[in-house]
Amino acid sequence: MAVRVTKQVETRDKVLELIERLTIGQAIPSERQLSVDFGVSRLTVRAALDELVREGHLIRRRGSGTFVSEPKIAQELTMTSFTEDMRRRGMRPTSRTVDLRIVPAGARLGRFLNVSPSEPTLVAKRLRLADGETMAIETLHVPSALVPGLTGKDLESQSFYELLRDRYAITIAGGVQQIEPTVTNEEESEALGVPLHSPAFLFERTSRASDGKTVEFVRSIYRGDRYVLVSELTPQTPRTGIPVLTVRDDGRVH
Ligand code: 16G
């Protein structure tokens, strides 16, 4: 068993090297060919390829073979907007508003947004796309009073953060973000165009403006096969260090 696992790891690394020399969308050699080239059993090749498919390096198309997939987007854990982030990478961001309504905040959301439970709150669900491909589905919650007249169309044609700044004179100054691994439910799978229970990242972000007011609470489902999270690590000095991740007794991260 141990021998097979080592061989599988070696095979995986060799296929990864091979992928680096190929272009996106190009087919890799057949399992039979790879097993001859690497001198390992087909079972080992299959297991290594399965892993690379799961990790999003390869994509299998039934009947036609296994292909190199698009590299994942390295998402930095900073206060970026989707639009700005995609533009920076040379990709074309678009959004589709699938639902927009104004509802009373209720107790839970009221707590997140720092408003009373009866406060009218705009809830907008948007699909976020890059170069026409669905990357994420986001549900934005904002106290309506902060964004009078904001429509679903506005959120399709412009970045929310740009609208906040240019139309409502609100600048996002900071926030708190929680990230959890998850799998897509039926609705999310359909919207994102991925199989049911695909790996995904659940982000929950609460952002505040420069005057300290809470501006948004956003629940985002980002495709796990398209994203990898990256963060810069800096040493934490005992006195000035800000806790980045703390786990409470009940398992919730704050
Ligand atoms: C990002 C943020 C989201 C924010 C949105 C604004 C994450 C996980 N979420 O998607 O909280 O509302 O950007 O994007 O990064 P926009 O300015 O393009 O509308």
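None of the figures in this text is laboratory data; all of them are computed from the coordinates on show. Since the structure is predicted, the reported quantities are computational estimates derived from the model, not experimental observations. For neighbour counting, all protein chains shown are included, and Cβ atoms are generated from backbone atoms with ideal geometry for every residue, glycine included.
General observations
- Mean separation of Cα contacts under 8 Å, 6 or more apart, over the residue count of the chain: relative contact order %: 15
- Extension reserve of the Thr78-Arg54 stretch, reckoned as 0.36 nm per residue once the Cα distance is removed: 6.0 nm
- Taken one residue at a time, the phi angles of the stretch 201-217 give Karplus couplings (6.51, -1.76, 1.60, θ = phi - 60°) of 9, 9, 9, 10, 10, 10, 10, 10, 8, 5, 7, x, 5, 6, 9, 9, 10 Hz. Gly and Pro are set to x.
- Shown for Thr94, Thr78: other C-beta atoms within 10 Å of each C-beta, ranked fewest to most, produce the order Thr78, Thr94.
- Separation in nanometres of the label points that stand 7 Å from Cα toward Cβ, at Lys153 and Arg165: 2.5
- Lys/Arg +1, Asp/Glu -1 at C-beta; the chain dipole; positive extreme among Thr234, Val36, His141: Val36
- Estimated inter-spin distance, Thr23 and Arg111, nm [label 7 Å along Cα→Cβ]: 5.4
- Of Thr83, Thr23, the sequence from fewest to most neighbouring Cβ atoms within 10 angstrom is Thr23, Thr83.
- Residue order, fewest to most beta carbons within 10 Å, for Thr134, Thr151: Thr151, Thr134
- Near Leu58, the amide H atoms lying under 5 Å from its own belong to Val53, Ser69; only residues 5 or more places off or on other chains count, and H is placed 1.01 Å from N.
- Backbone geometry of the stretch 147-163 corresponds, through the Karplus equation with coefficients 6.51, -1.76 and 1.60 at θ = phi - 60°, to 3J(HN,Hα) couplings of 10, x, x, 5, 10, x, 5, 3, 6, 8, 9, 9, 5, 4, 5, 5, 4 Hz, x marking Gly and Pro.
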